[in-house]
Amino acid sequence: MLIALGLIGMLVRMTLWATWTPTSTADTATYVDMAHVMGTLYSSRYLGVRPPGYSLLLLLGGLDFTRIWVLQSLLGVAISLMIYSLAYSQTKSSGWALVAGLAHSLNLSRARS
């Protein structure tokens, strides 16, 4: 079941990669600015406007939004697998664990962002 969940998650994301493009929102620039600050290790410019976690992901993706989108998609599949594992450990039911993992994996509002 775990392998099936991973394959379904990848299939959903591959479909999205083929049909959608990365988008940015009103706060994207603040995260990009924070990534630039982190990249130069110039900490005196850090104003605490944004937490550094997502900006670090931007840096890991080389500030290339397509690459970042792929990284986010892979993390989404990994999270679905972790949800499956957690649900299975609590219920001992592979069916309910699959439902829990699919609930995350098939939530398209999360998969495309």
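At Leu16 and Ser94, where each label point lies 7 Å from the Cα along Cα→Cβ, what is the point-to-point distance in nanometres?
2.7 nm
In a Gaussian network model over the chain where Cα atoms closer than 10 Å are linked, find which of Ser93, Ser44, Ser55 has the largest mean-square fluctuation.
Top of the fluctuation ranking is Ser44.
Given a Förster distance of 22 angstrom, what is the FRET efficiency for Leu2 paired with Ala103, based on the Cβ-Cβ distance and rounded to 0.05?
Numbers: r = 15 Å, r/R0 = 0.69.
FRET efficiency, Leu2 to Ala103: 0.90.
For the chain, return all DSSP H helices satisfying: extent of Cα atoms along own axis at least 18 Å; mean Kyte-Doolittle hydropathy at least 0.0. Walk me through the numbers before you get to the answer.
Working: long enough: 2-19 (26 Å, 1.78); 28-40 (19 Å, 0.41); 65-91 (38 Å, 1.08).
For the chain, where a helix must reach 18 Å along its axis and average at least 0.0, the hits are 2-19, 28-40, 65-91.
Grab the Cα-Cα distance for Ala26 and Thr40, subtract it from 0.36 nm times how many residues apart they are, and report the gain in nm with one decimal. Mind dumping the intermediate values first?
On the way: separation 14, 0.36 × 14 = 5.04 nm, distance 2.38 nm.
Value of the extension gain: 2.7 nm.
Please identify, among Leu86, Leu75, Leu41, the residue showing maximal mean-square fluctuation in a Gaussian network model of the chain using a 10 angstrom Cα cutoff.
Residue with maximal mean-square fluctuation among Leu86, Leu75, Leu41: Leu41.
Can you tell me the dipole magnitude for the chain around its Cα centre, using point charges on the Cβ only (Lys, Arg +1; Asp, Glu -1), in Debye to the nearest 20?
Details: 7 positive and 3 negative charges, 34 e Å.
Here the size comes out at about 160 debye.
Read-outs throughout are calculated quantities, based only on the coordinates presented, and are distinct from any laboratory measurement. Because the structure is a prediction, the values reported are computed rather than measured. Methodologically, a virtual Cβ is constructed for each residue, glycine included, from the backbone with ideal geometry; neighbour enumeration extends over all protein chains shown.
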